[in-house]
1. Ranked highest first by the average count of other Cβ atoms within 10 Å around their residues, in what order do 240-249, 212-221 fall?
2. Using only alpha-carbon positions, what ratio does the radius of gyration of segment 76-139 give when scaled by 2.2 N^0.38 Å?
3. Would you mind putting 105-117, 168-180, 50-62 in packing order, based on average other-beta-carbon counts within 10 Å, highest first?
4. Can you give the FRET efficiency to the nearest 0.05 for Arg164 and Glu36, using r as the Cβ-Cβ distance and R₀ = 45 Å?
5. Dipole magnitude of segment 34-182 about its Cα centre, charges +1 at Lys/Arg Cβ and -1 at Asp/Glu Cβ only, in debye to the nearest 20?
Amino acid sequence: MTMQRMIGTLALAVTLGGMAACHPHGRAPRAAPVVEPSVDLARGLNLFRHGEFRKAQIVFQRVGFQLAPGSAELAEANYYGAECSFQLGDYAQAASDFRKVSDEFSTTEYAPLALLRAGDANLRLWGRPELDPSYGETALAIYQELAGRFPDSDAAARARPHVRRLENQFSEKTYKTGMFYFRRKAFDSAIIYFKDVIANYPTTARAPDALLRLVDSYRVIGYKQELQETCEHLHRFYPQATGLARTCPATADSSATPSTPSTP
């Protein structure tokens, strides 16, 4: 046997001996048992119910890679994964994940719930209403989408108080902006904001006020037809509006100058 072959044989013997020493009886270790996705999902839900949101999130993420696309179990895993982000205070991630659940699993029971929670997450992100309304506007749009897509759902019913509150907040803010221009006699700009209140928040307390101030603006700049049409709208839809008789006299020429309008 040549020296080179002897060295090769010894090296092979050492390698085989090392492998046998690492593995009892010379056998390779057994693979870890495969956990069924349904078992993992149940474990994640149990962790979630006990407030172990970080651990539950890891389990839901793992389950998400194991389940078939479009399955009801995947919708459940993704929904609760988003709930974990919400409970952990990561509202931006939660909003994005809830949105995906509602879009990708639109025929499951989790679609309306996910829309509700996407709105809730954006509402939590709305920290400075007076400066940046974008998160509040997004929340309102999502709640309104929920009412349109799933009008009879429990989720839609739960969203309605948020919708009323947000609409009142935005109508108040818009109305006050209109009054800012109204008091400075910038009537064209004021009209834009008053019309915004009427068009977007017609059921709020500020809607009739915006119509009354719209009448006052039209009267000052001489828009007689618009003034008359707005007064007719007020008498038809808001007959109990405070100051209506003064601003839009029912038996008098509506273009006549009324007493000084109140400007709440």
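1. Numbers: 240-249: 16.1, 212-221: 22.7.
Highest-to-lowest ranking by the protection proxy: 212-221, 240-249.
2. Values: Rg = 11.7 Å, N = 64, 2.2 N^0.38 = 10.7 Å.
Relative to the rule-of-thumb radius for its length, segment 76-139 sits at 1.09.
3. Values: 105-117: 20.9, 168-180: 18.8, 50-62: 16.7.
The packing order, highest mean first, is 105-117, 168-180, 50-62.
4. Working: r = 45 Å, r/R0 = 1.01.
Efficiency, from the Cβ-Cβ distance: 0.50.
5. Numbers: 17 positive and 20 negative charges, 87 e Å.
Dipole size: approximately 420 debye.
Any read-out appearing in this document is the output of simple, stated calculations on the displayed coordinates, not a laboratory observation. Every value quoted in this text rests on a predicted model; they were computed, and no experiment measured them. Using ideal geometry, Cβ is built from the backbone for each residue, glycine included, and neighbour counts are taken over all protein chains shown.
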